[in-house]
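The values are calculated or read from the model by the stated rules, or taken from the named source; none is laboratory data. All values derive from a computational prediction rather than experimental measurement. Cβ placement follows ideal geometry from the backbone for every residue including glycine, while neighbour counts extend to all protein chains displayed. Accessible surface is based on the protein model in full, side chains and every heavy atom, while ligands, DNA and RNA are left aside. Shrake-Rupley method; radii C 1.70, N 1.55, O 1.52, S 1.80 Å.
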Amino acid sequence: MMRNQSLARTRPFSSVWQAASMLDCTERQVYHYIQEGRLPLAFDICGPGADRACMRVATASVLALQRVRLPTSDLAPFLEQVAPETQFSFKAPQLSRLLQCDLDHIYHLIAAKEMEDVGGPTRYRVPRESVVRFLTKRRIK
């Protein structure tokens, strides 16, 4: 069994469905928590022209709310945990696991220039700065 604190480190993002499961509430309630600022580290990772939002929330924020604590809203430490300065770039499958989304979603974000690609002709690699820029831009406020 994985401890909740370990979960926040190994899976820093949770989907709305996962957050609803952890909080024992509906997905609609999670959206309300995001709008109210009770889940302050929330991100819309949808591609351009998407019909609906594709949100991810910081797992640590979900766990804090679960424990009736005030979640941190400071983006910088969260981004340092998610994309440490020692991590020069991310392979597409790494980003897919990190953001809890399909690999094709990452490819679409790269094709739409939402994330930069510095890989070779057969391999996608997204630099750390591009990931940080994307998450900063996509934060829901």
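When you go through Glu36, Glu27, Glu116, Glu80 one by one, which is the residue that is free of Cβ contacts under 8 Å to residues at least 40 places away in the same chain and within 14 Å of the chain's Cα centre (by Cα)?
Going through Glu36, Glu27, Glu116, Glu80 in turn, just one is free of Cβ contacts under 8 Å to residues at least 40 places away in the same chain and within 14 Å of the chain's Cα centre (by Cα): Glu80.
Has the stretch 81-93 got at least one residue that is under 21 Å from Glu129 (Cβ atoms), touching a helix residue (DSSP H, G or I) at 6+ places or on another chain (Cβ under 9 Å), open to solvent by 70 Å² or more (accessible area, probe 1.4 Å) and part of a helix (DSSP H, G or I)?
yes
Give Ser96, Ser89, Ser73 a once-over and let me know the one that is polar (S, T, N, Q) and closer than 20 Å to Pro48 by Cβ.
Going through Ser96, Ser89, Ser73 in turn, just one is polar (S, T, N, Q) and closer than 20 Å to Pro48 by Cβ: Ser96.
Answer yes or no: is there a residue in the stretch 43-50 that is touching a residue at least 40 places away in the same chain (Cβ under 8 Å) and part of a strand (DSSP E or B).
Yes; the residues of the stretch 43-50 include at least one that is touching a residue at least 40 places away in the same chain (Cβ under 8 Å) and part of a strand (DSSP E or B).
Among the numbered criteria (1) closer than 16 Å to Pro12 by Cβ; (2) more than 14 Å from the chain's Cα centre (by Cα); (3) open to solvent by 60 Å² or more (accessible area, probe 1.4 Å), which single criterion is violated by Leu70?
(1)
Would you mention how many residues in the stretch 106-116 are open to solvent by less than 60 Å² (accessible area, probe 1.4 Å) and either among the β-branched types (Val, Ile, Thr) or touching a helix residue (DSSP H, G or I) at 6+ places or on another chain (Cβ under 7 Å) (or both)? Spell out the reasoning first.
First, the residues of the stretch 106-116 that are open to solvent by less than 60 Å² (accessible area, probe 1.4 Å): 106, 109-110, 112, 114-115.
So of that shortlist, the ones also either among the β-branched types (Val, Ile, Thr) or touching a helix residue (DSSP H, G or I) at 6+ places or on another chain (Cβ under 7 Å) (or both) come out as 106, 110, 114-115.
Adding up the residues that qualify gives 4.
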